[in-house]
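Taking it in order: structure first as structure tokens, then the write-up.
The values are calculated or read from the model by the stated rules, or taken from the named source; none is laboratory data. Computed from a prediction, not measured in an experiment: that's the story for all the values here. Neighbour counts are summed over all protein chains in view; Cβ atoms, including those assigned to glycine, are modelled from backbone coordinates with ideal geometry.
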Amino acid sequence: MAGAYQRPMPRLRSDFWVSAQLRRLNGEGIPAVQRRRGSAEAGAIFVKIDRLDGTADLYGPAPQALIEAEDSGERLFSPILSAAPSPDVEERLSRELRFDSDLWIVEIDDREGRHGLPLAE
């Protein structure tokens, strides 16, 4: 039906998404761990990539406007900090936790910064 409203695809639960991401990364030889468990159904997910040189990258949920524009139901991420000193990334995560105690933290150790996250455009 042309012009008919199409319901957006439901988003995968946070616990399933984190589990699948960890399995995929570790299967590719990229060490990754769940550092903090948040709300199973809808907790925001933050991903820290430790570059193993004292710096780290941080990705968080993409802004809602970008997610709605994509309308795929897929979790999308946006960079928050890039090649920042690790203490700065930890401070940002602490601030996010004070704001939202239900969030998840996934940590990846990779010198090249590989993460495989779907990024919002």
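I'm told Q64 meets every condition in (1) in contact (Cβ under 8 Å) with a residue 60 or more places away in the chain; (2) within 15 Å of the chain's Cα centre (by Cα) except one. Can you identify the failing condition by its number?
Of everything listed in (1) in contact (Cβ under 8 Å) with a residue 60 or more places away in the chain; (2) within 15 Å of the chain's Cα centre (by Cα), Q64 misses just condition (1).
Specify the residue that is surrounded by the fewest Cβ atoms within 10 Å (Cβ to Cβ); the eligible residues are those in segment 81-111 that are farther than 13 Å from L58 by Cβ and acidic (D, E).
D100
Within segment 82-121, can you find the residues that are within 16 Å of S39 (Cα to Cα) and among the charged types (D, E, K, R)?
E96, R98, D100, D102
When you scan segment 94-101, do you find a residue that is within 20 Å of P31 (Cα to Cα) and hydrophobic (A, V, I, L, M, F, W, C), even just one? Full working, then the answer.
Of segment 94-101, the ones within 20 Å of P31 (Cα to Cα) are none.
Within segment 94-101 (the criterion being within 20 Å of P31 (Cα to Cα) and hydrophobic (A, V, I, L, M, F, W, C)), the answer is no, since none of the residues qualifies.
What pairs come out if I take residues in segment 38-58 that are at positive phi and pair them with residues that are surrounded by fewer than 17 Cβ atoms within 10 Å (Cβ to Cβ) and not hydroxyl-bearing (S, T, Y) whose C-beta lies under 7 Å away, six or more apart or interchain?
Once the first residue is at positive phi and sits in segment 38-58, its partners that are surrounded by fewer than 17 Cβ atoms within 10 Å (Cβ to Cβ) and not hydroxyl-bearing (S, T, Y) give L52/D109; L52/R111; G54/P85.
Just one of L76, L22, L12, L66 is surrounded by 13 or more Cβ atoms within 10 Å (Cβ to Cβ), modelled with pLDDT of 95 or more and closer than 16 Å to P118 by Cα; which is it?
Details: L76 fails: modelled with pLDDT of 95 or more; L12 fails: modelled with pLDDT of 95 or more; L66 fails: modelled with pLDDT of 95 or more.
Exactly one of L76, L22, L12, L66 is surrounded by 13 or more Cβ atoms within 10 Å (Cβ to Cβ), modelled with pLDDT of 95 or more and closer than 16 Å to P118 by Cα, namely L22.
Step by step: first the residues of segment 25-49, then only those that are assigned to a loop (DSSP other than H, G, I, E, B) and surrounded by fewer than 16 Cβ atoms within 10 Å (Cβ to Cβ), then the one that is modelled with the lowest pLDDT. Which residue is that? Break it down stepwise before answering.
So the first thing to find is which residues in segment 25-49 are assigned to a loop (DSSP other than H, G, I, E, B), and the list is 28-31, 37-44.
Add one more test, that the residue is surrounded by fewer than 16 Cβ atoms within 10 Å (Cβ to Cβ), and what stays is 28-29, 31, 37, 39-42.
Working: E28: 96, G29: 96, P31: 98, R37: 97, S39: 94, A40: 93, E41: 90, A42: 86.
Out of the qualifying residues, it is A42.
For E121, indicate whether it is at pLDDT 95 or above and among the acidic types (D, E). Break it down into steps so the answer makes sense when it comes.
Working: at pLDDT 95 or above: no; among the acidic types (D, E): yes.
No, not satisfied.
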